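Quick notes on the structure that follows.
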Amino acid sequence: ESANVQPNSGSQANQGVFFAMLKPGDTIMGLSLAHGGHLTHGSPVNMSGKWFNVVSYGLNEQEDIDYEAAEKLANEHKPKLIVAGASAFALKIDFERLAKIAKSVGAYL
């Protein structure tokens, strides 16, 4: 009579969002794996890195997300989706700031 449908992991959840909101070849932005991002945020070994045009943002010298550089990349590449999350980044993410960047280029966040 009923079913509980939910992904088993964040990776599956990300994949579900990508398939629902994007087309192959669309541009996405995510935190670089080398800077604490996740494989599903555009790594070339993951389907996200194979199906989508990936632009990675990174950290500044203080090891915080470089929001200024991320904004420049977003303005230059006009991603359809910006991933705001990480796998190995311990500092606070300024989701409001990323949301403003996404809104300014018409991207999902």
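Rule-based calculations on the coordinates, nothing more; no lab input. All values reported here derive from a predicted model rather than from experimental measurement. For neighbour counting, all protein chains shown are included, and Cβ atoms are generated from backbone atoms with ideal geometry for every residue, glycine included.
Are any of the residues in segment 85-107 surrounded by fewer than 20 Cβ atoms within 10 Å (Cβ to Cβ), part of a strand (DSSP E or B) and touching a residue at least 24 places away in the same chain (Cβ under 8 Å)? Scanning segment 85-107, I find no residue that is surrounded by fewer than 20 Cβ atoms within 10 Å (Cβ to Cβ), part of a strand (DSSP E or B) and touching a residue at least 24 places away in the same chain (Cβ under 8 Å), so the answer is no.
So that you can scan it fast, the table gives a plain yes or no per residue for (1) touching a residue at least 12 places away in the same chain (Cβ under 8 Å); (2) on the phi > 0 side of the Ramachandran plot; (3) assigned to a helix (DSSP H, G or I):
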residue: ASN4; (1), (2), (3): no, no, no
residue: PHE19; (1), (2), (3): no, no, yes
residue: VAL45; (1), (2), (3): no, no, no
residue: SER48; (1), (2), (3): yes, no, yes
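The residues of segment 21-43 that are more than 12 Å from the chain's Cα centre (by Cα), part of a helix (DSSP H, G or I) and surrounded by 12 or more Cβ atoms within 10 Å (Cβ to Cβ), listed by number, are MET21, HIS35. When the test is whether a residue is surrounded by 15 or more Cβ atoms within 10 Å (Cβ to Cβ), polar (S, T, N, Q) and touching a Leu at 6+ places or on another chain (Cβ under 6 Å), SER11 does not pass it.
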